[in-house]
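Only one structure is covered here, and it is reproduced in the block below.
The values are calculated or read from the model by the stated rules, or taken from the named source; none is laboratory data. In this text the structure is predicted, and so the values were computed from the model without any measurement. All Cβ positions, glycine included, derive from the backbone under ideal geometry; neighbour counts span all protein chains shown.
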Amino acid sequence: MNTGLFITFEGVEGCGKSTQLGRLQAWLEDQGHSVVVTREPGGTPIAEAIREILLDPAHTAMGPEAELLLYEAARAQHIHEKIGPALAEGQIVLCDRFADSTTAYQGAGRGFGPEVLHELHNMATGGVWPDLTLLIDLDVRVGLERARNRGRKDRLEREAIDFHQRVRDGFLALAQSAPDRIAVIDGDNSEEIVAQAIQARVEAALAKRIAP
């Protein structure tokens with residue numbers, strides 16, 4: 001029986017996902033949990049190579065269909081090679097972005113419909129889906145300013161502000177449709193308060209995992 005726990009982090013650019021994922025990893029490991037940390041697109045050599053193609057700002061000619069299919073291809077390899085085996089071993093998997101990002105960015109952002117996304121997600125994931133998703137919500141202008149301060153912007157960070165607003169709206173719509181799985185965390189709070197809110201949600205998920 002699969003006793004692993006799959007936790008994903010989602011949100012707009014610059015919302016603090018990666019920072020909070022690192023904090024959660026340390027917190028879980030301090031408690032003796034075995035944790036696998038990964039990201040999308042990426043996580044395996046093949047998926048990381050796809051990531052380079054997707055995020056390279058030089059690839060301005062990339063069409064939306066190619067973009068969507070590349071994300072799903074990277075995800076399929078990621079599940080096959082890393083996420084699926086880790087969960088089967090009973091490990092906790094923390095992933096920086098997953099299929100919800102595709103629904104927000106390529107669905108709400110690019111305009112692909114839910115039927116197309118549903119079929120592709122099913123094919124790519126093989127039914128592997130997060131037990132808990134932590135959506136760190138933040139004003140897109142604040143997030144993009146934070147992202148700019150990190151240095152060179154990737155291809156998606158260079159999109160117009162209205163694209164990023166559609167993405168945020170897409171994430172919030174997802175959270176409304178799946179409240180039992182997606183926890184919305186206010187990213188405008190301090191790093192410490194955000195971390196505490198995340199830990200509370202994860203504690204509840206861990207308790208459910210070990211319940212008879």
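Odds and ends about this structure:
- Among the residues of segment 128-162, those that are farther than 16 Å from Cys15 by Cα and modelled with pLDDT of 95 or more comprise Val128, Trp129, Pro130, Asp131, Leu132, Asp162.
- When the residues of segment 1-29 are filtered to those that are out of contact with any Asp or Glu (no Cβ under 6 Å at 6 or more places or on another chain), aliphatic (A, V, I, L, M) and touching a residue at least 24 places away in the same chain (Cβ under 8 Å), the one that is surrounded by the most Cβ atoms within 10 Å (Cβ to Cβ) is Val12.
- The lone exception for Lys153 - which of (1) of a type outside the set (Phe, Trp, Tyr); (2) buried (at least 16 other Cβ atoms within 10 Å of the Cβ); (3) within 20 Å of Gly16 (Cα to Cα); (4) touching a Pro at 6+ places or on another chain (Cβ under 8 Å) it fails: (2)
- Test: Gly32 is part of a loop (DSSP other than H, G, I, E, B), in contact (Cβ under 8 Å) with a residue 12 or more places away in the chain and among the small types (Gly, Ala, Ser): no
Here is a yes/no grid of residues against (1) in contact (Cβ under 8 Å) with a residue 40 or more places away in the chain; (2) in contact with a strand residue (DSSP E or B) (Cβ under 9 Å, 6 or more places away or on another chain); (3) surrounded by 17 or more Cβ atoms within 10 Å (Cβ to Cβ):
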position	(1), (2), (3)
Pro114	no, no, no
His118	no, no, no
Met123	yes, no, no
Thr133	yes, yes, yes
Ile136	yes, yes, yes
Arg141	no, no, no
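- Checked against the criterion of being buried (at least 20 other Cβ atoms within 10 Å of the Cβ), on the phi < 0 side of the Ramachandran plot, part of a helix (DSSP H, G or I) and among the small types (Gly, Ala, Ser), the candidates Ala47, Ala73 yield just one match: Ala47.
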